[in-house]
Amino acid sequence: QVQLTESGGGLVQPGGSLRLSCAASGSIFAIGAAEWYRQAHGKLRELVATINSGDKTSYAGSGKGRFTISRDNTKNSVDLQMNSLKPEDTAVYYCRLIMSGGIYWGQGTQVTVSS
């Protein structure tokens, strides 16, 4: 059994920064690709950022140039650094890890960007 625990969400003013973290625990084998998604109220879940097993990163949508995904294989964790946050970044953010044993989702962490 694998559990993903997300942290780092919260309320931040426009222009501020947050760092989300996703830590995997349990019966962990090698983590392949890791992704962050987000889902705003009333909208579909969308991909935000991806990092593959070779640490190659890619970004989708408005997060390009503002968000940075990174991983620490020694800690089985994946982070998302978010800078210059905008009100439209408000959403629940989810991590998704692809491992040899399956694909796992975190429970989500709320990010609210508001003055």
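Okay, here's what the table says:
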item: Exclusive hit being over 22 Å from Gly61 (Cα atoms), surrounded by 14 or more Cβ atoms within 10 Å (Cβ to Cβ) and within 16 Å of the chain's Cα centre (by Cα), set Ala24, Ala34; result: Ala24
item: Residue in region 52-61 that is closer than 15 Å to Thr109 by Cβ and open to solvent by less than 40 Å² (accessible area, probe 1.4 Å) present; result: no
item: Positions within region 64-77 being modelled with pLDDT of 95 or more and within 13 Å of the chain's Cα centre (by Cα), in sequence order; result: Phe67, Thr68, Ile69, Ser70
item: Region 79-115, residues that are surrounded by fewer than 20 Cβ atoms within 10 Å (Cβ to Cβ), closer than 12 Å to Pro14 by Cβ and of a type outside the set (Val, Ile, Thr); result: Asn83, Ser84, Lys86, Pro87, Glu88, Ser114, Ser115
item: Those residues of region 65-78 which are closer than 16 Å to Ser25 by Cβ and open to solvent by 10 Å² or more (accessible area, probe 1.4 Å), in sequence order; result: Arg71, Asp72, Asn73, Thr74, Lys75, Asn76, Ser77
item: Within region 2-41, strands (runs of 3 or more DSSP E) holding 2 or more residues that are under 27 Å from Gly101 (Cα atoms) and in contact (Cβ under 8 Å) with a residue 40 or more places away in the chain; result: 2-7, 18-26, 31-39
item: Which numbered condition Arg45 fails, given (1) closer than 22 Å to Gln3 by Cβ; (2) at pLDDT below 90; (3) surrounded by fewer than 17 Cβ atoms within 10 Å (Cβ to Cβ); result: (2)
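The values are calculated or read from the model by the stated rules, or taken from the named source; none is laboratory data. None of the values given here were measured: they were computed from a predicted structure. Because the Cβ atoms are built from the backbone with ideal geometry, glycine has one as well, and the counts that use them run over all protein chains shown. Ligands, DNA and RNA are excluded from the accessible area calculation, which covers all protein heavy atoms including side chains. Shrake-Rupley method; radii C 1.70, N 1.55, O 1.52, S 1.80 Å.
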